[in-house]
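Here the structure comes first, spelled out in structure tokens, and everything after it is commentary.
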Amino acid sequence: MTVRRSSATTALVALLVASLVSCSEERVQEGIETASTASTTAPVITEPPATTAPSSIVTTVAPTTTTAATTTTDAATTTTAATTTTAAATTTVPVGDPNTVVGRLGGAEWFMGQLPVQARGADPDLDPVRVGLLNQEDSPAGSFPEARAAVEAAVRWVNEELGGVNGRPVELEVCVTDFTVERSQACAQQMVMADVVAVTTGIDIGSTGAIPIFEQNGIPVVGGIPTNMAEMESPSAFYFSGAMAGAYAGFIGHAIEHFGASRIVLAHGEFESFTVSTRDYGAALAEALGLEVKLIPFPLFTFDFLPVLTKAAEFEPDAIVVAAADLSCAPIMQTMVDLGIEAQLYLVGSCAAEEILEVAGSAAETVLFNSESPLEATVDGAVYEEVVAQYASEPAGGVGTVSMRGFLNLYALLIELGPDAGSREALLDLIRSAVDRPSFWGHPYTCDRQQIPGLPALCAPQQTIFSIVEGEVVPADDGWIDTPALFAQLG
């Protein structure tokens, strides 16, 4: 079913997502090659025995995607004997099946260590580990099937190539929400009845109905995109993000360090979580760091930013942050140029999407954006691309980058729990003890409830800042901005 969104709901949902999803996450992966094509001298071995892998267990069943053919060069299928002064025994190096993700990337280091070379299926005779997924779809207020598609693809990959959770297959219990509190409550009750060990999410704007049920039943929420204060304040939710508060800290810290900013404008749409993030975190942090701050709220569904930026210019700021996304991005950039404003403009990372930059033209050249992923190509990013290409039954980009991070971080925790992988209590204890724990395609996370004061569920608020030059991601800072250190200034 095709769902059309009004421009109003599009603007709301886009900004809720925008601070976490950056176009840079997919752009930087173009430089990563898979193991099957990067090597020019890989020796051959005899074909490994076929691995019988169980089909992934997903309550919302999607058709299996056939494996794309892999092209190899002659050099990649030839063994070259080294010449030595003494007779040397010929050795072989394990080479994986090029029809599998681990066969193409195996041996590379990702966030869990070294990827295996050979695929190993989960044992269908063992009890499954049940994981829930809530995601909003088929709603005029926003539909994000790509978030579900990415998690389903990752579950299939884990079950068919990584051996599941210590041999046990992952069973994914899916419930689709629709923007209403009532539907989210019903989905939460479904998770309780399914006896899931944890829930991961894509986007669930009606989660104020689900979060209390998860808390009452001790069900951890691990990963996804937090959209409201109930999620960000929950003692049993854990997000690998800093949400909009983290984005503000990244922008403010960068403006001070690189531009010597002393005056800053923070403009935001009038919606509870945006208002709280702007007032209690963005503005409070800027003032604590010695900046003069001008707050400019605007109607959430406006696309005319002339009044907003005219008022901003009157303040004579060194930097301007506008918390807006999607259809608002290009008009903001163009209005900045039309008014001749010289202050540095900061926008959320999704404003750097290719289609937006085409509309903005040269007005985008000096804009800086945020991301919560590394700006360099990584093996984790290559894993995402390969898993989606092979196992996703429908598009899984955009929000899918964040939902796959959540599920794979949860998977790593379950692996460590071993025989306790089905225990909610053990999982909660483990994730609450996480300090600088490696994260899939993101900054290491710490879930001590202190990364952002008052928002205990945000475990990884660190940010990167970048610009787009001739279509390429260009880092605007040396690595990650330490936003928890900045928030520590709030006392």
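The values are calculated or read from the model by the stated rules, or taken from the named source; none is laboratory data. Predicted model only: the values in this text are computed from it and were never measured. Glycine gets a Cβ as well: all are built from the backbone with ideal geometry, and neighbour counts include every protein chain shown. To get the accessible areas, we keep the full protein, side chains included, count just its heavy atoms, and leave off ligands, DNA and RNA. Shrake-Rupley method; radii C 1.70, N 1.55, O 1.52, S 1.80 Å.
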Q. Is it the case that the range 150-173 has a residue that's buried (at least 20 other Cβ atoms within 10 Å of the Cβ), farther than 27 Å from Leu105 by Cβ and in contact (Cβ under 8 Å) with a residue 24 or more places away in the chain?
A. yes
Q: May I ask you to list the residues in the range 132-142 that are closer than 24 Å to Trp441 by Cα and either of a type in the set (A, V, I, L, M, F, W, C) or open to solvent by 20 Å² or more (accessible area, probe 1.4 Å) (or both)?
A: Leu133, Leu134
Q.
Being open to solvent by 10 Å² or more (accessible area, probe 1.4 Å) and over 21 Å from the mean Cα position of the chain (by Cα) narrows it down to one residue among Val129, Val102, Val117; which is it?
A. Val117
Q) What do you reckon, is Ile205 hydrophobic (A, V, I, L, M, F, W, C) and outside any helix (DSSP H, G or I)? A) yes
Q: Would you mention how many residues in the range 409-418 are within 15 Å of Ala122 (Cα to Cα) and open to solvent by 50 Å² or more (accessible area, probe 1.4 Å)?
A: 0
Q: State the number of residues belonging to the range 175-202 that are in a helix (DSSP H, G or I) and not small (Gly, Ala, Ser).
A: 10
**Q.** Scan of the range 425-462 for residues that are farther than 28 Å from Leu375 by Cα and either open to solvent by 40 Å² or more (accessible area, probe 1.4 Å) or among the β-branched types (Val, Ile, Thr) (or both), ordered by number
**A.** Glu425, Asp429, Gly454
Q) Hey, Phe214 hits all of (1) surrounded by fewer than 22 Cβ atoms within 10 Å (Cβ to Cβ); (2) touching a strand residue (DSSP E or B) at 6+ places or on another chain (Cβ under 6 Å); (3) in a helix (DSSP H, G or I) but one; which does it fall short on? A) (1)
Q: Go through the range 218-241 residue by residue and tally those that are more than 22 Å from Ala485 (Cβ to Cβ), buried (at least 24 other Cβ atoms within 10 Å of the Cβ) and hydroxyl-bearing (Ser, Thr, Tyr).
A: 1
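Rundown of residues vs (1) open to solvent by 10 Å² or more (accessible area, probe 1.4 Å); (2) part of a helix (DSSP H, G or I), yes/no style:
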{"position": "Tyr346", "(1), (2)": "no, no"}
{"position": "Cys351", "(1), (2)": "no, yes"}
{"position": "Leu357", "(1), (2)": "yes, yes"}
{"position": "Gly361", "(1), (2)": "yes, yes"}
{"position": "Pro374", "(1), (2)": "yes, no"}
{"position": "Asp380", "(1), (2)": "yes, yes"}
{"position": "Ser393", "(1), (2)": "yes, no"}
Q: Only residues that are at pLDDT below 95 and hydroxyl-bearing (Ser, Thr, Tyr): list them for the range 280-319, please.
A: Thr302
Q) Only one residue in Ala353, Ala363, Ala343 is more than 24 Å from Gly397 (Cα to Cα) and in contact (Cβ under 8 Å) with a residue 40 or more places away in the chain, so which one is that? A) Ala343
Q. How many of the residues in the range 178-202 are surrounded by 20 or more Cβ atoms within 10 Å (Cβ to Cβ) and at pLDDT 95 or above?
A. 11
Q.
It is to be established whether one or more residues within the range 389-407 are more than 29 Å from Gly282 (Cβ to Cβ) and among the aromatic types (Phe, Trp, Tyr).
A. yes
